[in-house]
1. Of Lys325/Lys361; Lys348/Lys526; Lys526/Lys604; Lys361/Lys436; Lys325/Lys531, which sit over 31 Å apart, Cα to Cα?
2. Modelled label-to-label distance, Leu278 and Lys370, 7 Å Cα→beta-carbon offset: nm?
3. Got a sec? What order do Arg354, Arg150, Arg33 fall in by accessible area at 1.4 Å, biggest, i.e. largest, first?
4. On the accessible surface of region 595-635, probed at 1.4 Å, how many percent belong to carbon and sulfur atoms?
5. Between Trp594 and Val90, what length comes free when the chain is fully extended (0.36 nm per residue of separation minus the Cα-Cα distance, one decimal in nm)?
6. Rounded to the nearest 0.05, what FRET efficiency do Ala175 and Gln207 have when you use their Cβ-Cβ distance and R0 = 22 Å?
7. Write out the trypsin sites (Lys or Arg not before Pro) in region 387-474 meeting two conditions: DSSP loop, and at most 14 other Cβ atoms within 10 Å of their Cβ.
8. Would you kindly state how much longer the chain becomes between Ile59 and Trp32 on full extension, computed as 0.36 nm times their sequence separation minus their alpha carbon distance, in nm to one decimal?
Amino acid sequence: MEASSPAVSCCESPQAKKPKEPGKWSGLWSMWRSSILSLASLLLAILGEYHLPAHVAGISLWLPVYLLSYGLVGYPVLKKGWELIRQGEVFTEFFLMGIATIGAFAIGEYPEAVVVMLFYTIGEQLQHQAVSKAKGNIQALLDIRPDQARIVREGERLWVKPENVKIGEILEVQAGERVPLDGTLLHRAGSFNTSAISGESMPAIIQPGEEVLAGMVNLENLLTIQVSRTFQDSSLSKIIRTVQQAMSKKAKTEQFIRKFARIYTPIVTYLALALVVLPYFFVTDYQFRDWLYRALVFLVISCPCALVISIPLGYFGGIGAASRKGILFKGSNYLDLITKVNTVIFDKTGTLTRGVFSVSKMEEMAGADKDWELLAASLEAKSNHPIARALLEYVEGEPYPVSDLKEYAGKGLLGLVQGKQVLVGNQLLMESHNIKGLSQVNGAEETLIFCAVNDVLCGYFVLADQVKEDAAAAFDALKKMGIHELIILSGDKREVVEAVGEALSARQAIGGLLPEDKLVILEKLKQEPGKLIAFVGDGINDAPALAAADLGIAMGGMGSDLAIETADVVIQTDQPSRVALAIRIGKTTRRIVWQNIALAFGVKFLVLSLGAAGLAGMWEAVFADVGVALLAILNAIRINTIYN
């Protein structure tokens, strides 16, 4: 065998030359260094005070060691608290921890002061790791674009950044490599792992001329792809932007907890102050030190970090779990909203059916133009609708040039071809142009596309579109969840839509609708009390309904860019059953979030009461703050194991 040519070796992936990243242990030491040193100093001070006790003017000589231990973990907290105070944010968790621990030092409770700040810092670091992991899981799942793309320019193979590749350029992707940009597959069929895009583990076979998306992995053979979208417009870039933006769209629960914390923190601060002052007027053997200690315990317990950290973490977990299943929520607010859906409206073509039409037969009318089939195909060549592709595959011959093209939304096309006025579309289009002879056609339960040339009906194509395999499973799953109001709206023939509705046991199935008709029905349903409607669609003509629905769900694999941009939730797999899965993930997330709220409030209320009565000390306070936060975090990340 001949040695590899220089052209091939120069195309070796430059990604192999990335600098070495810091080792795992050095990273862990950097993160935990201050806590470890603080703990060691604390143990030294406690042991020293036990074996070599020494005091001057009532102050332990081991105080400098306690202060060192405290400073290692407490300085960042105090610094952050002071910065926030200077910005006008006084009543924060940093303020509470600072006042409580400095007060503990003032009354001689050195070990407890250090322990509170040490445990608080450890808890914060664990929380930070959990949140970073939740965000990192989402980003790692999606940010899988290669740093380089191999392109062929003037016969040379070059590695360039994907941002610098232009539409129309040719990519080469070897077996095992990820596709860097969206494009059209050339020359030969390819097998691709699409799990990063769709969540689907089964490899997809893509034929020449079909679309390949950035992020897919080529499983075998060297393939060539012609770029169809720029780096910024690629499907994967849009997914990444969607998930990043989702982080900023807070659920109402998140918004409420953050607002609540701003009110709650000053209230507990003033209550702690009252706990020191008021007993002076009512307690006979009032001891300032004892009541100050109770107030300090009260402040430690009251920190709202368990709520403020664990609740967003629950939503991050829900968004990440959904992403791994090929479901993109554009905000945690939609995770909440989807749990309240009680009516689901489906588009038919491309949503419940494959949307891959094929012409099963063709019928010609008496007196038809001898060239009518090619005239019809020439007009359809200007459309990217699935029906248009089916006609082009069926009709042989090179399409003619078209002029004066006019599109009738939901009906069909009109244009001049070879000097003849050609009309191609459904029965509604023919009737609106007063085309005669439609009564002779018999095909009530089939999709028919008619062609008229110079106002004469020439013939029609009979098209077939299969219902998706899991459409019935989607309807069954939704009904088991208590959602029985399942409706199908479509621009297809009434009889065809009713047949699909009967097969899927839909509550209603209405056909022959224009985009504005869908909108009218949707708006009418929204006026019914208690209705919360999700609309599921994939086409440009579904965009108005997706925007008007309480929750818009787009099929992202075959769906139009406009539908995907308009929707609140995008299903990358094009599987209707993922609608039910999205609702389940939303309900699980909401349940976990409310469990955390109940846990945090329940434990804090109990220990606050005990602390005010003098029955709980700093150790119980630490558990009520850091311990509850950690339990809530463990509960929040549980969603990742449920939907792993």
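1. Lys325/Lys361; Lys526/Lys604
2. Reported label-point gap for Leu278 and Lys370 is 10.3 nm.
3. The residues order as Arg33, Arg354, Arg150, largest area first.
4. The value for region 595-635 is 82 percent carbon and sulfur by accessible area.
5. So the extension gain works out to 178.6 nm.
6. Rounded to the nearest 0.05, the efficiency is 0.80.
7. Sites meeting the loop and neighbour criteria: Lys436.
8. Stretched out fully, the Ile59 to Trp32 stretch lengthens by 6.7 nm.
The values are calculated or read from the model by the stated rules, or taken from the named source; none is laboratory data. Just so you know, these numbers come straight off a predicted model, no measurement behind them. Ideal geometry is used to build each Cβ from the backbone, glycine not excepted, and the neighbour counts take in all protein chains shown. Just the protein is used for accessible areas: all its heavy atoms, side chains included, with ligands, DNA and RNA removed. Shrake-Rupley method; radii C 1.70, N 1.55, O 1.52, S 1.80 Å.
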